Structure formats: structure tokens, C-alpha cells
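Accompanying notes for the structure given below.
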């Protein structure tokens, strides 16, 4: 039992979301296990994107709980930024930082986190050494192992490694506006990877792409899946969902109406809405 | 034809022989001083107001500050600059019991307050025009609102803001011609004084127009160059 608990990366209970008087999510329960690939399908406007965006509180949930790393993300007192560093997100519109080059896009968050931690230690040391002047028993200073430049260099190394992996090394120093849609989305995916997230959320990652570019993005996602990355994917690519996902969720009217393995959901749907939906998309 | 050459002769006499240019140069300095310092104050006030107005408004305090800033903007945009200048000089100054021997500081402050309202709208528009996905992407990798704003949104907004800010400077330069209402000798007044001895204003006013035009053309050329330099990261 205990081992089972440790396996669970995200535990969502009774999640609800209201936009004004419009109830978008009506109580969603979901446990996401380590390494699991979950595909979320459903008709447009059913709340599947909203649900995904609630997981890392891009939309503040109205009620329920999301347990991640032993803390409830719905709780406003929890520092959501710390947890978001471990929950990657990939957007439909890529959202690469337009004013940063490709490599800077990938480095930005790791450098921010590293430098922030470094500055915290430095601040603490400054306090300690100040109060040490009044102390008999001097307190030891915290050890500083890196410099800002080192953090930057390491982040850049890692970013270039990631770019090499997706074959875009020569694009490292160009601005995102010069990339194709598929290249942008692949950079966006490795930007999420650069933080070593425990789970990556994909919000319709191929919906804004030209058809001939869908393949390269799906191939990258597939290789992440094969490496055991935990993934939650909102998608309209039924073929991809069937191939990659361990579990398919069908969301309609803000609720999970049916879930199961791809074979169960696609080949033997029970819910009439799901049957209707599949007949239209397959 | 004869008339024009006579007017020109008269103007040259006034401008050079009788050292009218000294006065005109002083007026030019005053005009530029009011416009530049006014814009600087305007940018300062505008930045503060724009920050308040784009901040997320979950809490009560930002909401109250937003309302106050909104009133400020409406007040300064809803009344003519001349009226603000007159109120500042003839009503607010005596009310505060301050005595000045020149209207220039008053003009600078009033133009600063006025352009602050416009600049805040320019900045707000610039920030709002940056795709909301940029903020989302910054927040999604775990950077706080302020960091994302500073590192991602504002640098992109500046590209939209700077050209418009240049236009605001042009408007400001031209609008300073009303400061003679509070007895400041600016470019307009100094040119007018060239014609005063003979009541012949044709040449002085034409030259006045030309001077403003040259200044504006120079500034817009500068703004265009700046714009081009800023856009280099796109494409």
C-alpha cells in the first residue's frame, strides 16, 4: 500500500472550476502514477483544457484538491511557483519567449531557479556574518559551491544537449520568429524538459500545427513517453492517444464520463456520448 | 514679390542686426526644457500608473489604487491642457502659498502631470498588446509574475511603447506653445517679440512654424531609427 502511495505523482480530488456562473468542471478525481501517460479526449468546450490548466493552477480551481509533492496546490498559501518548476507545460500556441533566442528560452527558467537559490544562500551568509560580529560562538557560513556564471554555463550546456537531441542545435542563437511551427513546439517541449519536471502537461500540442509538422512533434512526445516521462495530454490525435497512452479519459460536461485503456475506450465504449464522439472523430 | 523681400529684410534686421536671435535661442531652450523634463516626469508618473493598472486585481488594495489612477487619467485627459496650466499657475500655486518668479517650473510640472496620464495609457496599451501566452509560459515554468513581467513582457512591450512615446514627445513639443498663457517666454513668444516693434508678424510666424517643423522632423527621424534598432530581433 505504502509503495502504491509513493507511486502517485499527482492526486486530484473533487476538482471544480467555475467561470462566473458557468460551471466548467464538476468534480474530477484522478490519480496520476509515476511514468503514466494519460490522454484526455472529449468534444470542444467540454472542459478538458480547463482541467489541464487547473492542474498547475494556470486557472485557479474553485474547489477540490490537487496533491503534489505532499502539498495541496489549490491552497492559496502554497508557493505555486516552486511546484510549477516540477510540472512542465506545453501550449497549443507554443508560447516561446519572443524576445529570447532559442537557447535562452530553454535556459531562462533553470538559470532563474539556480541564481535565486544562490542569492538566498548569499543573503543568509550576509546575515550570519553580520550577527557573528556580536556572537561569541561564531556561526559557520553556508558553503557556496557555484557562481552565477557557472550556473549559466551549466544551463547552457544542458540546453544545447537538449537542442542536439531534437536536431536544432544550429538554431540555438536565432529568435523563435524564424522557426517553423513544428520546430517551435519541439523547442517548447525541451524547454519544459530543461526543468526536469515530474510530469509534463500537453495542451493540444499539435492543434496549431500544419499537418506535415504534426509528425515530428508526436515523434518527440513518443520518445519522451518511451523514456518513462509522466505525461498528461489533451489531444485530438486519436491515433497517437491509442498508441502512446496507458489510459484514456473521456471528459464531457466537466466530468470524466469514461476511462480505461485505449482498447477499452476506443474498441468497446460504454457511454453513449463517447460512442457518439468517437463515431464523429474516428 | 517686393513685399516679401521687404518683409524678409525686416525680419533679418530684427533677427540678426538687432540681436533677436538671442531671445529666440532662449525661447527654444525653454520650449525644449519644458517638453523634455515634462516627458521625463510623464514617463515616471505614467510607469507607476501603468504598473498599478495592469497588476492582477485579486486583492482590495490594487483595486482601490486602480480606481484612483483611473480617475487621474480621466481628469487629465478630459480637460484642455491650457485649462490645467491656468489652474496650476493661478489657483493651485497661490493656494499652496508658493511664489515663483518664472512660470517655467509650473509649466514643467503641469506638462509632466498631463503627459503622465497619456503615457500611462500608452504603456498600458503596450503591455496589454503582448500576447497573454507569454505571461502564461513564464508562469508555467515557475517564474513569479514580477520576474515574467520584467524579463519577458516588458522588453516586448517596449518595442510597442517607444515609437508611441516618441509621438507623445512630438505632441508635447508642439503643445508647449501655450505656455505664454502663464507669461513664459518660449519659442512662440520669442518669435512674436521679433514682430512686435513693427507689427509685422508674417515672417516671424512663418519662421516659427519652420522651427517647430524641423524639430518634429528630427525627432521622428530619431524615433524611426530607434524603432528599426528595436525590431532587429524579429525576423
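The values are calculated or read from the model by the stated rules, or taken from the named source; none is laboratory data. This one's a predicted model, so the numbers in the text were calculated from it and none came from an experiment. No Cβ is skipped: glycine too gets one built from the backbone with ideal geometry, and neighbour counts run over all protein chains shown.
Every residue, every condition in (1) more than 19 Å from residue A:107 (Cα to Cα); (2) at pLDDT 95 or above; (3) outside any helix (DSSP H, G or I); (4) in contact with a strand residue (DSSP E or B) (Cβ under 8 Å, 6 or more places away or on another chain), yes or no:
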site: A:162; (1), (2), (3), (4): no, yes, no, no
site: A:206; (1), (2), (3), (4): yes, no, yes, no
site: A:209; (1), (2), (3), (4): yes, no, yes, no
site: A:233; (1), (2), (3), (4): yes, yes, yes, yes
site: A:236; (1), (2), (3), (4): yes, no, yes, yes
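Evaluate the following for residue B:184: is it within 28 Å of residue B:74 (Cβ to Cβ), away from chain A (no Cβ under 14 Å) and either in contact with a strand residue (DSSP E or B) (Cβ under 9 Å, 6 or more places away or on another chain) or not in a helix (DSSP H, G or I) (or both)?
yes
Considering only residues that are in a helix (DSSP H, G or I) and within 13 Å of chain A (Cβ to nearest Cβ), which ones fall in segment B:122-136?
Passing the criteria: B:132, B:133, B:134, B:135, B:136.
Which of the residues spanning segment A:195-224 are crowded, with 22+ Cβ neighbours inside 10 Å, more than 11 Å from the chain's Cα centre (by Cα) and in contact (Cβ under 8 Å) with a residue 40 or more places away in the chain?
Correct list: A:205 only.
So which residues in segment B:39-74 are in contact with a helix residue (DSSP H, G or I) (Cβ under 8 Å, 6 or more places away or on another chain), surrounded by 13 or more Cβ atoms within 10 Å (Cβ to Cβ) and farther than 11 Å from residue B:116 by Cβ, if there are any at all?
B:52, B:53, B:54, B:55, B:57, B:62, B:65, B:66, B:70
State which residue is surrounded by the fewest Cβ atoms within 10 Å (Cβ to Cβ) when the search covers only segment A:88-100 and only residues that are more than 7 Å from chain B (Cβ to nearest Cβ) and within 16 Å of residue A:112 (Cα to Cα).
By that ranking, first place goes to A:100.
Of all the residues that make up segment B:150-175, how many are surrounded by fewer than 21 Cβ atoms within 10 Å (Cβ to Cβ) and more than 23 Å from the chain's Cα centre (by Cα)?
Residues meeting the conditions: 2.
Taking segment B:189-235 as the region of interest, how many residues are surrounded by fewer than 15 Cβ atoms within 10 Å (Cβ to Cβ), free of Cβ contacts under 8 Å to residues at least 40 places away in the same chain, more than 14 Å from every other protein chain (Cβ to nearest Cβ) and not in a helix (DSSP H, G or I)?
Number satisfying all stated conditions: 2.
If I go through segment B:87-104 residue by residue, how many of them are surrounded by fewer than 16 Cβ atoms within 10 Å (Cβ to Cβ) and part of a helix (DSSP H, G or I)?
6
When you scan segment A:46-84, how many residues do you find that are more than 10 Å from chain B (Cβ to nearest Cβ), over 16 Å from residue A:28 (Cβ atoms) and either at pLDDT 95 or above or in a loop (DSSP other than H, G, I, E, B) (or both)?
The number of residues fulfilling the criteria is 5.
I want to confirm something. Restricting to segment B:137-148 and keeping residues that are under 18 Å from residue A:176 (Cα atoms) and under 34 Å from the mean Cα position of the chain (by Cα), which single residue is nearest to the other protein chains (Cβ to nearest Cβ)?
Here the residue is B:138.
Within segment A:161-177, which residues are within 12 Å of another protein chain (Cβ to nearest Cβ) and over 22 Å from the mean Cα position of the chain (by Cα)?
If the condition is that a residue be within 12 Å of another protein chain (Cβ to nearest Cβ) and over 22 Å from the mean Cα position of the chain (by Cα), then A:173, A:174, A:175, A:177 are the ones that fit.
What's the number of the only condition in (1) in a strand (DSSP E or B); (2) on the phi > 0 side of the Ramachandran plot that residue A:196 fails to meet?
Every listed condition holds for residue A:196 apart from (1).
Tell me yes or no: at least one residue of segment A:240-253 is outside any loop (DSSP other than H, G, I, E, B), free of Cβ contacts under 8 Å to residues at least 12 places away in the same chain and either under 27 Å from the mean Cα position of the chain (by Cα) or farther than 27 Å from residue A:211 by Cβ (or both).
No: zero hits.
Name the single residue, out of those in segment A:178-189 being within 12 Å of another protein chain (Cβ to nearest Cβ) and buried (at least 21 other Cβ atoms within 10 Å of the Cβ), that is farthest from residue A:161 (Cα to Cα).
Filtering first and then ranking leaves A:184.
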